[in-house]
Amino acid sequence: MDKSVRLFVAAYAFSEDGATHFLLPGREVKLEGAEEVLPILLRQCDGYRMAEEIVSLTAEETGYAQAELWELVEQLLARQVLIGSTQHYLFFHRVSANPMPFSHQFSEEEIARMLAEGESFLMQSSLQPTTSLEKLLARRESTREFTGEFLSQQEAERLAWAIYGKTPRANSFPESAIGLGTVPSGGALYPLRLFVLKPSNKEREWECFRAGSEGLEKTVTTTYEALVRVFLNDSNLLEGVGAVYVLACEFQQTTQKYANRGYRYAILEAGHAAQNAYLWCVEQGLGVVEVGGFYDEELAQLLSLSYPDQAPLTTLLVGRRKQ
């Protein structure tokens, strides 16, 4: 393991029946045989000390051999009791994923009352939209009813470029081989990965494409039933949809520079990309709706992503709108 990693305790612990119990979201980790050394070791794991320093200080105070302590640290890391302090975002990502271990339960009436009592902070203007962009923004909306007509390959590619494409400005950006894209990116690191799922000519079969330097490259095939399961088993959601765009993230590409704040930048970047999809679709007369309700790990598996280091952030359902 990397001895320079700064360790942080991600679990509450208590002793019972000669063992140490760690409480993590939705599960409990039980560890036997280290009751004497664990309190001293864990006390050092404040997110600032490096693993090497923690092991050295604990060995000094307890007389334990460093080799034994390294084994204990690795065991705690494997069970996610300890985490690297620059990877705290992965802990949050897991507890914010579907199926949600923590959620609020409100009736539709309660939500309506909450919205009615709240103050609107949307900017009100007496000016009429005049520019092309202003008119697109005024017409931007979520569409949930589609005709079932397929998107052409050209439409799918053009929309993919609008969402997360490389721009000609990249030629004047020699600092990075990645270049510049249609969305802003923290440090111009562009950690997102774009996938397109489209119905094929075979009944109930969907093809998956990965967007990249070679355009849309076909990767795997799946079934309509598998997609329905991914979207929380909502059989009505995909009805008539012409394509599903998935924005995923390679977190290490941004967190290696910005640590936990890089997670925030990735979320913001996905939002920029989703807005591009909305504006392009309204201009082309297509419908689109952003859907965040999906089973994270199942969708990652479908796309052959290494979850949670690579994970889907949001999805966009696109199709021809019903008149």
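The values are calculated or read from the model by the stated rules, or taken from the named source; none is laboratory data. On a predicted model such as this, the values are computed, not experimentally measured, just so you know. Ideal geometry is used to build each Cβ from the backbone, glycine not excepted, and the neighbour counts take in all protein chains shown.
General observations
- Failed condition for Gly287, given (1) among the small types (Gly, Ala, Ser); (2) within 27 Å of Thr147 (Cα to Cα); (3) part of a helix (DSSP H, G or I): (3)
- Complete set of residues in segment 5-47 that are surrounded by fewer than 16 Cβ atoms within 10 Å (Cβ to Cβ), closer than 16 Å to His88 by Cα and in contact with a strand residue (DSSP E or B) (Cβ under 6 Å, 6 or more places away or on another chain): Tyr12, Gly47
- Only one of Tyr263, Tyr295, Tyr258 that is touching a residue at least 24 places away in the same chain (Cβ under 8 Å), touching a strand residue (DSSP E or B) at 6+ places or on another chain (Cβ under 9 Å) and not charged (D, E, K, R): Tyr263
- Of the residues making up segment 190-233, those that are in a loop (DSSP other than H, G, I, E, B), over 17 Å from Glu297 (Cα atoms) and modelled with pLDDT of 95 or more are Tyr190, Pro191.
- Lone unmet requirement of (1) of a type in the set (D, E, K, R); (2) at pLDDT below 95; (3) in contact with a strand residue (DSSP E or B) (Cβ under 8 Å, 6 or more places away or on another chain); (4) within 30 Å of Leu24 (Cβ to Cβ) for Glu149: (4)
- Options Ala277, Ala273, Ala248, Ala259: the member that is in contact with a Phe, Trp or Tyr (Cβ under 6 Å, 6 or more places away or on another chain) and small (Gly, Ala, Ser): Ala273
- Residue match in segment 44-56 (condition: under 30 Å from Pro99 (Cβ atoms) and not hydroxyl-bearing (Ser, Thr, Tyr)): yes
- Residue that is within 22 Å of Gln284 (Cα to Cα), among the hydroxyl-bearing types (Ser, Thr, Tyr) and out of contact with any Gly (no Cβ under 8 Å at 6 or more places or on another chain), where the choices are Ser185, Ser213, Ser132, Ser126: Ser132
- Answer residue from segment 262-306, given it is closer than 21 Å to Ser142 by Cα and charged (D, E, K, R) and is surrounded by the most Cβ atoms within 10 Å (Cβ to Cβ) among those: Glu269
- Beta carbons closer than 9 Å, at least 6 apart along the sequence or on distinct chains, pair a first residue in segment 89-104 that is hydroxyl-bearing (Ser, Thr, Tyr) with a second that is not in a helix (DSSP H, G or I) for Tyr89/Phe251; Tyr89/Ala259; Tyr89/Asn260; Ser96/Phe102.
Each row is one residue, and each column tells you yes or no for (1) assigned by TED's automatic domain parsing to the domain that holds Pro312; (2) farther than 30 Å from Leu237 by Cβ; (3) of a type outside the set (Ser, Thr, Tyr).
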site: Trp70; (1), (2), (3): no, yes, yes
site: Ser85; (1), (2), (3): no, yes, no
site: Leu90; (1), (2), (3): no, no, yes
site: Phe102; (1), (2), (3): no, no, yes
site: Gln105; (1), (2), (3): no, no, yes
site: Leu122; (1), (2), (3): no, no, yes
site: Arg140; (1), (2), (3): yes, no, yes
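- Counting only helices (runs of 4 or more DSSP H) wholly contained in segment 96-174, the ones carrying 2 or more residues that are surrounded by 10 or more Cβ atoms within 10 Å (Cβ to Cβ) and among the basic types (Lys, Arg) occupy 132-139.
- Of all positions in segment 95-103, none carries a residue that is of a type in the set (Val, Ile, Thr) and modelled with pLDDT of 95 or more.
- Odd one out for Glu53, checked against (1) more than 22 Å from Phe92 (Cα to Cα); (2) in contact (Cβ under 8 Å) with a residue 24 or more places away in the chain; (3) of a type outside the set (A, V, I, L, M, F, W, C): (2)
- Restricted to segment 57-83, and to residues there that are closer than 13 Å to Lys3 by Cα and exposed (fewer than 15 other Cβ atoms within 10 Å of the Cβ), the residue that is nearest to the chain's Cα centre (by Cα) is Glu74.
- Residues that are modelled with pLDDT of 95 or more, over 19 Å from the mean Cα position of the chain (by Cα), under 30 Å from Arg261 (Cα atoms) and in the same structural domain as Glu269 (by TED's automatic domain parsing) do occur in segment 175-186, at least one of them.
- Test result for Ser15, outside any helix (DSSP H, G or I) and either assigned by TED's automatic domain parsing to the domain that holds Phe231 or small (Gly, Ala, Ser) (or both): yes
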